[in-house]
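One structure is given here, and the rest of the page talks about it.
Throughout, read-outs are computed from the coordinates displayed, never taken from laboratory work. Predicted model only: the values in this text are computed from it and were never measured. Backbone-built Cβ (ideal geometry, glycine too); neighbour counts: all protein chains shown.
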């Protein structure tokens with residue numbers, strides 16, 4: 001963009017709830033002119049008259065402005081997307097079947113890993129996603145090659161999106177003796193230490209968790225643990241991870257991905273675990289699996305930060321996934337019966353890092369002057385409609401720079 005400042009005119013913003021008695025019956029909106037400067041929102045004024053300050057203008061035509069979205073759990077480095085269709089084969093031994101399959105598959109995918117990662121990034125950008133947390137395989141089969149491909153893809157899109165890379169020992173941190181690779185990855189561009197099922201895959205909860213945390217502390221990195229282990233086995237793992245988080249002073253820097261055990265235990269037990277996670281700032285990411293959904297409403301109520309991601313998109317683990325974060329928010333709302341105006345609007349926060357146009361009392365919370373100018377513009381009257389109807393994306397802005405739909409700028 002040639003100019004450091006830009007007016008977006010006739011932008012629709014939410015201003016508050018419409019009420020009938022004590023019930024929220026709709027969302028009020030109005031049109032505004034918004035000036036973008038130096039990657040931030042510099043000014044918001046009612047759309048009474050066009051600015052006459054000589055700053056370039058783009059007419060948004062009444063499109064609704066929403067916060068740009070985040071995919072907080074995806075695997076960009078191993079996907080069939082953009083290649084020939086292929087459904088997953090059988091996995092009689094569960095995760096171990098997939099690990100065995102990867103030992104043959106990953107070297108074959110490596111020559112196209114960067115290309116396919118970039119096509120997958122393009123898919124998610126088209127849905128309004130500008131931040132990615134991607135888990136990248138670290139194993140004896142591919143070494144750091146998948147990381148290098150992912151870093152190259154991230155560099156290609158560095159002006160259009162931001163990236164976090166998890167050094168992910170898919171084949172087991174202990175089982176595949178991957179600690180050295182994770183350490184090297186954290187020195188080479190990865191920003192979080194990962195792990196997977198310390199009990200089932202590594203066979204040693206204590207050693208696996210301690211090794212992962214030691215790697216994170218050594219590198220001053222965050223932690224993101226894949227945890228599929230069921231029931232009280234998985235819950236015990238979460239509790240031990242919480243202990244280590246507290247001991248290391250790693251509050252607010254640890255994520256449990258999937259955390260499927262929370263779907264298996266009585267609600268009162270899950271609530272107690274959630275309370276401790278909230279106290280330590282341990283977040284959860286979920287793909288909202290329909291058959292075994294964790295209690296996301298309870299987690300959010302307890303104060304646990306919950307964010308969503310697509311996990312696998314068209315690969316040897318799963319054939320599903322559209323790469324649409326707004327669709328993911330809609331699936332969450334459907335799964336838990338969040339059909340009211342307020343609940344639909346609030347569900348957007350699970351794919352935007354907690355940012356929603358209105359706060360829990362119906363007051364405008366976003367955008368405000370000084371906020372980062374990362375936004376998606378949709379064809380909807382309000383965020384509730386956008387989530388419920390998966391509204392068409394019209395344009396995307398990342399840190400003040402057009403990604404699509406603003407080509408005239």
message: How many angstrom lie between the Cα centre of the stretch 240-302 and the Cα centre of the stretch 29-44?
response: 37 Å
query: In degrees between 0 and 90, to the nearest 10, how far off the longest principal axis of the chain does helix 231-248 point, with axes built from Cα atoms?
result: 80 degrees
- request: Working from Cα positions, state the angle (0 to 90°, nearest 10) between the long axis of helix 267-280 and the longest principal axis of the chain.
  value: 80 degrees
message: Which log10 I(q)/I(0) values does the stretch 289-384 give at q = 0.25 Å⁻¹ under the Debye formula, counting every alpha carbon as one identical point scatterer?
response: -1.54
message: Could you tell me how far the Cα centroid of the stretch 193-234 sits from the Cα centroid of the stretch 107-141, in Å?
response: 23 Å
task: Give me 312, 208 ranked fewest to most by other Cβ atoms within 10 Å of their Cβ, as a rough exposure proxy.
output: 312, 208
task: Please identify, among 376, 182, 217, the residue showing maximal mean-square fluctuation in a Gaussian network model of the chain using a 10 angstrom Cα cutoff.
output: 217
Calculated Rg and Dmax of the stretch 74-151 using C-alpha coordinates, Å: 13.1, 37
query: Which residue fluctuates the most in the chain, going by a Gaussian network model with Cα springs under 10 Å, if the choices are 28, 361, 101?
result: 361
query: GNM, the chain, Cα, under 10 Å: largest mean-square fluctuation among 179, 153, 248?
result: 248
- prompt: Which residues in the stretch 158-199 have a backbone N closer than 19 Å to a point placed 7 Å from the Cα of residue 206 along the Cα-to-Cβ line?
  reply: 173-175, 197-199
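Can you sort 138, 277 from fewest to most other Cβ atoms within 10 Å of each residue's own Cβ?
Details: 138 31, 277 26.
Arranged by neighbour count, lowest to highest, 138, 277 become 277, 138.
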- prompt: Pairing the Cα long axis of helix 205-219 with the longest principal axis of the chain, what angle in degrees results, from 0 to 90 and rounded to the nearest 10?
  reply: 50 degrees
- prompt: Let a ≥ b ≥ c be the square roots of the eigenvalues of the Cα gyration tensor of the stretch 69-320; is it rounded (a/c under 1.5), or, if not, prolate (a/b larger than b/c) or oblate?
  reply: rounded
task: Arrange the following residues from fewest to most other Cβ atoms within 10 Å of their Cβ: 317, 7.
output: 317, 7
statement: per DSSP, antiparallel bridges as share of beta bridges in the chain, % nearest 5, sits at 50 percent
